[in-house]
Amino acid sequence: MVHNHSLTKDTLLKLKGLGIRLAIDDFGTGYSSLAYLKYFNVDFLKVDRSFVKDIPDDLADVQITAAIISMANNLNLKVVAEGVETAEQLTFLQDNHCHTYQGYFKSPAISSDDFVTLFMAQTE
């Protein structure tokens with residue numbers, strides 16, 4: 001896979017100029033890379049659910065997630081944890097200064113129509 005970082009960076013900067021905030025999704029897995037933090041001016045890191053799902057029982061997941069959150073905070077990035085399903089996971093994330101989360105603990109997935117209804121109700 002070949003990346004033209006300058007073309008991509010220019011495109012992302014234009015999007016940011018329009019007020020769009022950018023996130024690296026599924027951080028720590030697949031194609032996400034520490035190099036992206038250097039090349040791209042992102043606003044959020046989303047911690048992949050594969051690291052969150054076994055917290056607090058899996059020490060490696062606890063340590064990896066804490067390290068990602070700490071690194072993001074040191075880089076002034078907001079952190080979103082994916083796949084939060086238990087109060088214990090949420091407590092761990094809050095104790096480690098994770099900014100927000102998504103997952104079944106907050107709400108099951110909803111349809112786009114239900115999302116619009118929910119969004120409109122919250123903005124009134």
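The values are calculated or read from the model by the stated rules, or taken from the named source; none is laboratory data. Since this is a predicted model, take the numbers as computed values, not measurements. Note: ideal-geometry Cβ built from the backbone for every residue, glycine included; neighbour counts use all protein chains shown. Quick note on the areas: whole protein, heavy atoms, side chains included, nothing else; ligands and nucleic acids left out. Shrake-Rupley method; radii C 1.70, N 1.55, O 1.52, S 1.80 Å.
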Computed, not fitted: 222 nm per-residue ellipticity of the chain from DSSP H runs ≥ 4 (each -39500 (n - 2.57)), nearest 500, equal to -14000 deg cm²/dmol
Starting from the residue with the highest accessible area, list E85, E124 in decreasing order, probe 1.4 Å. E124, E85
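Taking the solvent-accessible surface of protein heavy atoms with a 1.4 Å probe, what is the per residue accessible area of the range 5-121 in Å²?
Details: 7410 Å² over 117 residues.
So the range 5-121 comes to 63 Å² accessible per residue, rounded to a whole number.
Under 1.5 on a/c is rounded, so check that first for the chain, then, if it is not, pick prolate when a/b is larger than b/c and oblate when it is not; a ≥ b ≥ c are the square roots of the alpha carbon gyration tensor eigenvalues.
Oblate shape, in that a/c is at least 1.5 and b/c is the bigger or equal ratio.
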Where D10, D57, D43 fall by accessible area, highest first, once all protein chains stay in place (1.4 Å): D57, D10, D43
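Please return the longest stretch of the chain lacking exposed loop sites, where chymotrypsin sites (Phe, Trp or Tyr not before Pro) count only if DSSP places them in a loop and at most 13 other Cβ atoms lie within 10 Å.
Details: sites that count: Y31, Y104.
It works out to 32-103.
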Charge tally in the Cβ shell below 15 Å around N76, where Lys, Arg are +1 and Asp, Glu are -1, N76 excluded: +3
Extension gain from N76 to F115, taking 0.36 nm per residue of separation minus the Cα-Cα distance: 11.1 nm
Quick calc, the chain, dipole around Cα centre from Cβ unit charges on Lys, Arg (+) and Asp, Glu (-), nearest 20 debye, gives 720
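Students sometimes get this wrong: rank M120, M71 by accessible area, probe 1.4 Å, all chains present, largest first.
On the way: M120 95, M71 55 Å².
Ranked list, largest accessible area first: M120, M71.
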Which shape class, rounded, prolate or oblate, goes with the range 50-118 when its Cα gyration tensor gives a ≥ b ≥ c as root eigenvalues, a/c under 1.5 marks rounded, and past that a/b bigger than b/c marks prolate? oblate
